[in-house]
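Here is the structure we will look at.
The values are calculated or read from the model by the stated rules, or taken from the named source; none is laboratory data. Model, not experiment: these values are computed from the prediction. Every residue, glycine among them, receives a Cβ derived from its backbone with ideal geometry; neighbour counts consider all protein chains shown. For accessibility, only protein heavy atoms count, side chains too; no ligands or nucleic acids. Shrake-Rupley method; radii C 1.70, N 1.55, O 1.52, S 1.80 Å.
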Amino acid sequence: MSDNNMNEQLSIIIDTANRLFGDSVDKGLLDAAERGEFAQSLWASVVATGFHAVGSKDSGTGVVELFALLDVAGRHAAPLPLAETLLANAWVGLSEGVSSIGLWEGQRITDVPWGRSSTRVIGIRPDSAECVIVEQVEVIERSANLAGEPRDVVRVPEGASRHTIRLNHGNAWSQLALARAVQTAGALSTVLDIALQYAGEREQFGRSLSKFQAIQHSLAVQAAEVAAARRAATGAVDALDTPRAAAEIAAAKIRAGDAATMVGEAAHQVLGAIGYTHEHRLHHFTRRAWAWRDEFGNEFDWQRSLGAMIAGVGADHVWSFVTGR
Amino acid sequence: MLELDRVSLPESSEALRVDARAFLQQHRDLIGEPNSDFTTGHSPEFSAALGARGWIGMTWPKSFGGSERTFFDRYVVTEELLAAGAPVSAHWIADRQSGSLLLKFGSEKQKQTYLPAITRGESYFSIGMSEPNTGSDLASVRTAAKKVDGGWVINGSKIWTTDAHRNHFLIALVRTSPAQGENRHVGLSQIIVDLRNDGAQVRPIRNMAGGEDFNEIVFQDVLVPEDRIVGEAGNGWKQVTSELSYERSGPERFLSAFRVLVEFVRLVGPNPLPHEAAVIGRAAGHLMTLRKMSASVAGMLNQGKQVDVEAALVKELGNNYEKLLPEMTRLALSSNRSGRAAWRSAFEQTQLLSPSFTLRGGTREILRGVIARGLGLR
Ligand SMILES: Cc1cc2nc3c(=O)[nH]c(=O)nc-3n(C[C@H](O)[C@H](O)[C@H](O)COP(=O)(O)OP(=O)(O)OC[C@H]3O[C@@H](n4cnc5c(N)ncnc54)[C@H](O)[C@@H]3O)c2cc1C
């Protein structure tokens, strides 16, 4: 496919996804999802659009489209295990059902997003290509992350099938980490939009908040953080098929996590008390960005991993490591 | 503006990186004690060698001594120089800013007069914007140039002028005609001063790090020839603001503290403690991201795009990073840790320079204002 066709396909996916999620993911749906109701009709639309297959074999799309879709899902806080389903479909075969992915710990798979609604759960480990695939999903513990997204424990039955996820570079765990970084970049983009809009509308002391320099500067810093998170994420996606994948993914997860901390804090400050209410939609995005920092390795984990790589090459090669040359 | 282009450096630029490293290796005796801050080492010898290699004015036309290379190529060479801690300050401003300004706005004769010597690494320029009563509010400059027979007579003073005591020329922002009521942007001009021959008095000012890099310049009836006005008289505001974008997005805005990281890695060795490894990883993760952002801006410069806001984003993040990096390493090390001498030397130099990071080239507050304008807030 020519570059132009590829870009065209990518922008169609992005536009369609923005419309699909924009039309259906509203405050009501997000609240319902937090009460534990699976967003069934949203899922049905995702499948009807063919989005569940983006990035899968023979779909004509690859990782660039897959992660672009996750960015949009993050922007809308779409309450689905979309990252997990797309990556599972890409790795172990397309399924129309909901797939999820968690940490494989012997007889259990923990922190499984929407485990209770999944028909297939894959257990992976940070440092291994081996995975376990569970198709008769039995949830033995229900829980949720800081954003109220289901995170369950799933039993691994005797004789569950083992599989090896072969990627040219990086491993399954790191791609999930990148997915969270991309989703975070998406969610933070919306956080910034909300803060910008509010600052333009809300008036105090006879003028809009956006006219106060302290607020302008806070928003400027938030914008810089969002730009950094976005560039780190796109950079890692573009490096997925290179030997740089592991380092770039680490950088993206670290950078997105730092941005989440900063932007989440500052945006809430701009919105005042209204942003602290359950009624307001801001927290659906800030809580996700906060929660995702800790999934598939938090900043500290990835900092250590990247730091160990660099310590390994030594002081005189820090620069060649950073530049990849 | 928040969606920076997804560019990666072209292979031809990466090939140049190999050449740059070979060059640095070959000239390592000129580097002395490496310092990745772009203002720290002043070596006409190094600058001349770099010029001879064709790496000053890299993006300029060949007819003026340039190499007609891309901004990606320039990005790669400049970051290699900084990371190696090479002494680049002599030619830095002329290469980054003054030459580019002359190329864009200068007369044919000015280009022929000044650019080839800059590209040879022989002619160095300073920036004459700030004055005792003019800092962030640049349009308030009072130094004035008055048209007389045979030239312009300059009166007033400039301050914080980096390297004016050892550079050849200054491009000063001066008032050539009065402001029109509220509109202070009219009547400003840029004028070239020959720092060694025109009679301006230059006095170095010692900074808190002990260095004597910046200066005060006093003009008392300093007469300069007519053809020293850059571009058009009265067009100074537009010119000076366009110059600022070149000043803000480059790797010198995030690499000033790089040597601290290198020495930290050396100190903690191949098997660092978890928190030490984490410091390295965090520093590297941010640096890798900043490089991508800066390269994205280089790509925009290639396309001739306006980059003010994007450049401000890079400088804002980069300067914060330069300040955070030494601090992270400091807190990860016990103060009685043995073998810290090399790290400590890099740390202390950087700590003492660090207040300048968010001042020079436009303060943090001014940059946030630029970003806020880009966001439509003002
Ligand atoms: C190492 C170094 C080298 C330099 N080299 C040069 C050089 O070569 N040539 C040159 O011309 N200049 C040079 N400068 C000067 C530099 O450009 C100025 O320091 C800078 O523009 C700020 O001006 P100021 O120091 O007068 O601070 P001021 O403008 O007085 O500002 C003081 C503080 O107030 C803040 N402030 C000012 N206005 C506002 C506002 N509207 N809103 C909010 N906050 C505001 C500033 O951000 C800053 O924090 C150099 C400075 C340093 C430190």
Identify all residues within the range A:202-230 that are out of contact with any strand residue (DSSP E or B) (no Cβ under 8 Å at 6 or more places or on another chain), more than 8 Å from every other protein chain (Cβ to nearest Cβ) and basic (Lys, Arg); write none if there are none. A:Arg207
Report yes if B:Arg368 is among the charged types (D, E, K, R) and either under 25 Å from the mean Cα position of the chain (by Cα) or within 16 Å of the ligand (Cβ to nearest atom) (or both), otherwise no. yes
If you check A:Leu196 against the conditions, is it within 16 Å of the ligand (Cβ to nearest atom), of a type in the set (A, V, I, L, M) and facing chain B (nearest Cβ under 10 Å)? no
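The rows are residues; the columns are (1) crowded, with 17+ Cβ neighbours inside 10 Å; (2) closer than 22 Å to B:Val260 by Cα; (3) at pLDDT 95 or above; (4) more than 14 Å from chain A (Cβ to nearest Cβ).
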| site | (1), (2), (3), (4) |
| --- | --- |
| B:Ile56 | yes, no, yes, yes |
| B:Ser63 | no, no, yes, yes |
| B:Thr70 | yes, no, yes, yes |
| B:Gly85 | yes, yes, yes, no |
A careful count of residues in the range A:231-262 that are of a type in the set (S, T, N, Q) and within 10 Å of another protein chain (Cβ to nearest Cβ) gives 2
Just need a number here: residues in the range B:175-201 that are within 13 Å of B:Lys158 (Cα to Cα) and open to solvent by 50 Å² or more (accessible area, probe 1.4 Å). 1
Just wondering, is there one or more residues in the range B:288-309 that are within 16 Å of the ligand (Cβ to nearest atom), within 10 Å of chain A (Cβ to nearest Cβ) and either surrounded by 20 or more Cβ atoms within 10 Å (Cβ to Cβ) or free of Cβ contacts under 8 Å to residues at least 60 places away in the same chain (or both)? no
Does the range A:22-50 hold any residues that are touching a Leu at 6+ places or on another chain (Cβ under 8 Å) and either within 22 Å of A:Gly275 (Cβ to Cβ) or open to solvent by 10 Å² or more (accessible area, probe 1.4 Å) (or both), and which are they? A:Ser24, A:Val25, A:Leu29, A:Trp43, A:Ser45, A:Thr49
Just wondering, is there one or more residues in the range B:343-354 that are open to solvent by 60 Å² or more (accessible area, probe 1.4 Å) and over 21 Å from the mean Cα position of the chain (by Cα)? yes
Taking the range B:200-258 and keeping only residues that are closer than 30 Å to B:Lys292 by Cβ and part of a loop (DSSP other than H, G, I, E, B), one is left with B:Ser249, B:Gly250, B:Phe254, B:Leu255, B:Ser256, B:Ala257
Given the conditions (1) assigned to a helix (DSSP H, G or I); (2) open to solvent by 10 Å² or more (accessible area, probe 1.4 Å); (3) in contact with a strand residue (DSSP E or B) (Cβ under 9 Å, 6 or more places away or on another chain); (4) over 14 Å from A:Lys253 (Cα atoms), every one holds for A:Ala199 apart from (2)
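Among the listed residues A:Gly22, A:Gly36, A:Gly74, A:Gly28, which satisfies the condition of being closer than 20 Å to A:Val112 by Cα and assigned to a helix (DSSP H, G or I)?
The match here is A:Gly74.
Scan the range B:183-193 for residues that are more than 16 Å from B:Gly150 (Cα to Cα) and either under 25 Å from the mean Cα position of the chain (by Cα) or in contact (Cβ under 8 Å) with a residue 60 or more places away in the chain (or both) and report the count.
4
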Qualifying residues in the range B:220-247 (those that are within 30 Å of B:Leu367 (Cα to Cα) and over 23 Å from the mean Cα position of the chain (by Cα)) - the one surrounded by the most Cβ atoms within 10 Å (Cβ to Cβ): B:Ala233
Residue match in the range B:316-330 (condition: within 7 Å of chain A (Cβ to nearest Cβ) and open to solvent by 20 Å² or more (accessible area, probe 1.4 Å)): no
Only one of these is among the hydroxyl-bearing types (Ser, Thr, Tyr) and within 13 Å of the ligand (Cβ to nearest atom): B:Thr162, B:Thr113, B:Thr176, B:Thr119. Name it. B:Thr162
Can you list the helices (runs of 4 or more DSSP H) lying wholly within the range A:209-304 that have 3 or more residues being small (Gly, Ala, Ser) and either over 23 Å from A:Leu69 (Cα atoms) or in contact (Cβ under 8 Å) with a residue 40 or more places away in the chain (or both)? A:213-238, A:245-271
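Listed here are the residues, each with its yes/no results for (1) over 20 Å from A:Leu20 (Cβ atoms); (2) crowded, with 24+ Cβ neighbours inside 10 Å; (3) outside the structural domain of A:Ala17 (by TED's automatic domain parsing).
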position	(1), (2), (3)
A:Ser59	no, no, no
A:Leu66	no, yes, no
A:Leu70	no, yes, no
A:Thr85	no, yes, no
A:Trp91	yes, no, no
A:Leu94	no, no, no
A:Gly97	no, no, no
A:Val112	yes, yes, no
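Yes/no matrix, rows are residues, columns are (1) assigned by TED's automatic domain parsing to the domain that holds B:Phe169; (2) away from the ligand (no atom under 13 Å from the Cβ):
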{"position": "B:Gly181", "(1), (2)": "yes, yes"}
{"position": "B:Arg206", "(1), (2)": "yes, no"}
{"position": "B:Glu216", "(1), (2)": "yes, no"}
{"position": "B:Phe219", "(1), (2)": "yes, yes"}
{"position": "B:Leu223", "(1), (2)": "yes, yes"}
{"position": "B:Gln239", "(1), (2)": "no, yes"}
State yes or no: is B:Arg340 among the basic types (Lys, Arg), more than 9 Å from chain A (Cβ to nearest Cβ) and more than 23 Å from the chain's Cα centre (by Cα)? yes
